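Here the structure is laid out as structure tokens; the discussion comes afterwards.
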Amino acid sequence: MSKRALSKYLKELSKSDLEEQVLELYDRLKEVKEFYDFVFNPNEDKLLEDAKFKISKEYFPIGKRKAKKRRSIAQNIIKNYIKLGVDSSFIADVMLFNIEVAQTYNETNTINGDAFYKSMLKSFKDAVKFIDSNGLEASFNERLERITEITYNQNWVNKRVFEDVLDKRF
């Protein structure tokens, strides 16, 4: 259904029918519920705390579980926050936190797979692009530089590419 057809359909509904449909969507679809919960109670600090906990758990699980190190968990959180309209500085913070936690893990548990380093580079590029496009350079440049420095300290295979990403920004 096109947006135009939907608009026409909605105009034909009575107010009570429209309210009933929105309530039904709220009950049936998790995304709709999350959207309205955020719109009416935008507790971004709690969202940030939850995101950081979930990302940390990927590398430092509670109990005796093995670390899964899935980049997709952070990516899904970020994508959801962008959809909800969460403040861009919170999103940038989560993006960088994801890389920083991975670096903290790698500090004591060196990872020998190129896929991990490639994945972290993709996350870094995405974060730099997001930060620059939202005018957040002043707030996050120090963290970006520290991340790049850590790639050198930990001797990441693609450490020079991290530096090139920062150098090509301006």
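The values are calculated or read from the model by the stated rules, or taken from the named source; none is laboratory data. Given the structure is predicted, the values throughout are model-derived calculations rather than measurements. So basically every Cβ, Gly included, is an ideal-geometry build from the backbone, and we count neighbours across all protein chains shown. Heavy atoms of the whole protein, side chains included, go into the accessibility calculation; ligands, DNA and RNA do not. Shrake-Rupley method; radii C 1.70, N 1.55, O 1.52, S 1.80 Å.
Here are the numbers:
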read-out	value
Any hit, region 17-27, residues being open to solvent by less than 100 Å² (accessible area, probe 1.4 Å), part of a loop (DSSP other than H, G, I, E, B) and out of contact with any helix residue (DSSP H, G or I) (no Cβ under 9 Å at 6 or more places or on another chain)	no
Test: residue in region 66-82 that is surrounded by 15 or more Cβ atoms within 10 Å (Cβ to Cβ) and touching a Leu at 6+ places or on another chain (Cβ under 8 Å)	yes
Residue within region 133-154 that is over 30 Å from residue 36 (Cβ atoms), β-branched (Val, Ile, Thr) and surrounded by fewer than 17 Cβ atoms within 10 Å (Cβ to Cβ) present	no
Candidate set: region 1-16, residues that are open to solvent by less than 90 Å² (accessible area, probe 1.4 Å) and among the aliphatic types (A, V, I, L, M); chosen: the one nearest to the chain's Cα centre (by Cα)	6
The lone exception for residue 69 - which of (1) in contact with a Phe, Trp or Tyr (Cβ under 9 Å, 6 or more places away or on another chain); (2) part of a helix (DSSP H, G or I); (3) over 22 Å from residue 140 (Cα atoms) it fails	(2)
Residue count for region 79-99, restricted to those that are in a loop (DSSP other than H, G, I, E, B) and among the hydrophobic types (A, V, I, L, M, F, W, C)	1
Long-range neighbours under 6 Å by Cβ, at least six apart or interchain, first residue closer than 19 Å to residue 45 by Cβ within region 94-107, second among the polar types (S, T, N, Q) and open to solvent by less than 20 Å² (accessible area, probe 1.4 Å)	98/123
Cβ pairs under 7 Å, 6+ apart, first in region 1-27 and on the phi > 0 side of the Ramachandran plot, second open to solvent by less than 90 Å² (accessible area, probe 1.4 Å)	none
Unmet requirement for residue 59, which otherwise passes all of (1) modelled with pLDDT of 90 or more; (2) open to solvent by 40 Å² or more (accessible area, probe 1.4 Å); (3) touching a helix residue (DSSP H, G or I) at 6+ places or on another chain (Cβ under 9 Å)	(2)
Which numbered condition residue 30 misses (of (1) within 30 Å of residue 122 (Cα to Cα); (2) surrounded by 12 or more Cβ atoms within 10 Å (Cβ to Cβ); (3) without any contact (Cβ under 8 Å) to a residue 24 or more places away in the chain)	(2)
Filtered residues of region 130-148 (kept if part of a helix (DSSP H, G or I) and farther than 17 Å from residue 97 by Cβ)	132, 133, 137, 138
